[in-house]
Each structure stands twice: as structure tokens, then as C-alpha cells.
Ligand code: DGP
């Protein structure tokens, strides 16, 4: 745990959140500023600052996050599809430096970024 990290504090229960999923390695909660009817942040419990820090030692946790994405999407009724977004670093628009994936859905999403 990084004691200066907002998301580590949420995972640890020091800051409240609306949890939607938890297992040994992954935690997921609703975004405070939802951009769609379903907007869940899915993250590894282990503090990894951003996607540029993914390596051979920790990449399995990314797979675990995407296993959770599939489970949450099913539980949230997103059979028609959804979008997963990761912002990395300053130019990528990342505001909280704990690796996380935005799971967004529940409506027809607008214009693609790429
Ligand atoms: P990003 O910009 O990709 O780093 O996304 C950070 C997201 O985290 C942003 O969509 C808002 C959300 N967020 C920030 N602080 C809190 C909080 O205290 N609680 C919850 N639930 N979400 C938060």
C-alpha cells in the first residue's frame, strides 16, 4: 500500500466507496463522476502507478483486472457492449496515479477516440 495514494486508501477502506467487486488481487468501485449509467473503476490492489509500470512481474494482475471487467460487465447487464479506458500519465489525462481501468457502458457510447 502507498499511504499517499487515494485509491490505496479506498481499497484499504480508509476512504468510502461504492464497491462493486473484490477478490484477492482486484478491487472495483463506482466512479465518483460517472460518464455513463455504468462507470466502474477496476484496479489491482497492488499499487502500480500507471500503465508504463506494467512489467513481467506484475502483468498477470492486468489479466486479473480484465477477468473482473468481464464479470462486472455481465453483472451490470452490459451484454450489448461496453468500453474500457486507461489513462496513463500527464499527456494521457491520468489524475490518480494508481493503475485503473474505466469500465463504461449502459448506453450507446459516443464517438470513438481511435
Ligand atoms: P483518471 O482521470 O483516469 O486518473 O481517473 C480517475 C477517476 O477517479 C476519475 O474518473 C474520478 C475518479 N475519482 C477520483 N477521486 C475519487 C474518489 O474519491 N472516489 C471515487 N469513487 N472516484 C474517484
message: Can you show me the helix-derived [θ] at 222 nm for the chain, built from DSSP H runs with n ≥ 4 at -39,500 (n - 2.57) apiece and divided by the number of residues, rounded to the nearest 500.
response: -6500 deg cm²/dmol
- request: Would you mind calculating the relative contact order of the chain from Cα pairs under 8 angstrom and at least 6 residues apart, reporting the percent as a whole number?
  value: 30 percent
field: Cα-Cα pairs of the chain separated by more than 21 Å (percent)
entry: 34 percent
message: Given an 8 Å cut-off on Cα distances and at least 6 residues of separation, report the relative contact order of region 73-114 as a percent.
response: 42 percent
field: Contour excess over end-to-end distance, with Cα ends at residue 113 and residue 62 and 0.36 nm allotted per residue
entry: 16.2 nm
field: Burial ordering of 47, 100, fewest other beta-carbon atoms within 10 Å first
entry: 47, 100
query: In degrees, nearest 10, range 0 to 90: what is the angle between the Cα axis of helix 59-75 and the longest Cα principal axis of the chain?
result: 40 degrees
- prompt: At what distance in nm do the modelled label points of residue 12 and residue 83 sit from each other, each positioned 7 Å from its Cα along Cα→Cβ?
  reply: 3.4 nm
- prompt: In nm, to one decimal, how far is the residue 4 label point from the residue 52 one, both placed 7 Å along Cα→Cβ?
  reply: 1.7 nm
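Each reported figure results from applying straightforward, stated rules to the coordinates on display, with no laboratory input. Owing to the predicted nature of the structure, the values given are computational and were not obtained by experimental measurement. Glycine gets a Cβ as well: all are built from the backbone with ideal geometry, and neighbour counts include every protein chain shown.
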